[in-house]
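The values are calculated or read from the model by the stated rules, or taken from the named source; none is laboratory data. Computed from a predicted model, the values in this text were never measured in an experiment. Heads up, the Cβs are rebuilt from the backbone with ideal geometry, glycines too, and the neighbour counts pull from every protein chain shown. For accessibility, only protein heavy atoms count, side chains too; no ligands or nucleic acids. Shrake-Rupley method; radii C 1.70, N 1.55, O 1.52, S 1.80 Å.
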Amino acid sequence: MKKLITILLFTTACAHITSDIQPGSAEPAVRRMAREFGDAANSGNIDGMMAIYANDAVLLPPGAPEMRGRAAIRQFWSGLVAAKPHVTLNTQQVIESGDMATEIGTYELIIGGKTETGKYALTWRRANGEWRAIVDIFNSNGP
């Protein structure tokens with residue numbers, strides 16, 4: 001009987017806790033920022049690309065060391081922008097939990113007539129009501 005009461009109390013407490021959780025605003029914000037990032041890359045607007053990143057963000061590009069902080073990330077993306085790319089981002093899923101969210105998607109990158117496809121994942125953090133990317137990793141589907 002004591003065990004049954006403990007289980008009932010635990011179940012009731014869990015149901016109450018989860019009913020207090022309200023869905024957040026991550027998905028529309030993340031989808032909008034992914035679209036704006038792609039538009040900025042396509043127009044050569046490095047400031048527009050950087051708008052998604054938190055000050056302490058980390059970029060994990062393939063075949064290169066990690067880029068920590070906005071200055072290092074800006075330097076990396078400046079190289080891409082100089083090549084005049086055409087970027088298409090496709091957000092496939094946004095998973096949100098509290099003040100954190102993960103975006104999973106695919107990309108197509110065209111530079112100088114060569115096309116690369118790949119996938120990416122970004123971790124987002126909400127601070128002061130705004131979502132900012134804190135970890136950005138991507139890699140090609142090719143060899």
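Return the only residue of 83, 71 being open to solvent by 60 Å² or more (accessible area, probe 1.4 Å), more than 26 Å from residue 28 (Cα to Cα) and hydrophobic (A, V, I, L, M, F, W, C).
Working: 83 fails: open to solvent by 60 Å² or more (accessible area, probe 1.4 Å).
Going through 83, 71 in turn, just one is open to solvent by 60 Å² or more (accessible area, probe 1.4 Å), more than 26 Å from residue 28 (Cα to Cα) and hydrophobic (A, V, I, L, M, F, W, C): 71.
Being assigned to a strand (DSSP E or B), without any contact (Cβ under 8 Å) to a residue 40 or more places away in the chain and under 18 Å from residue 27 (Cβ atoms) is the filter here; which residues of the stretch 114-129 pass it?
Within the stretch 114-129, 120, 121, 123 qualify.
Can you tell me how many residues within the stretch 86-113 are more than 17 Å from residue 28 (Cα to Cα) and of a type in the set (A, V, I, L, M)?
Of the residues in that region, 4 qualify.
From the list 34, 64, 54, which residue is in contact (Cβ under 8 Å) with a residue 60 or more places away in the chain and not in a helix (DSSP H, G or I)?
Values: 34 fails: not in a helix (DSSP H, G or I); 64 fails: in contact (Cβ under 8 Å) with a residue 60 or more places away in the chain.
Going through 34, 64, 54 in turn, the sole match is 54.
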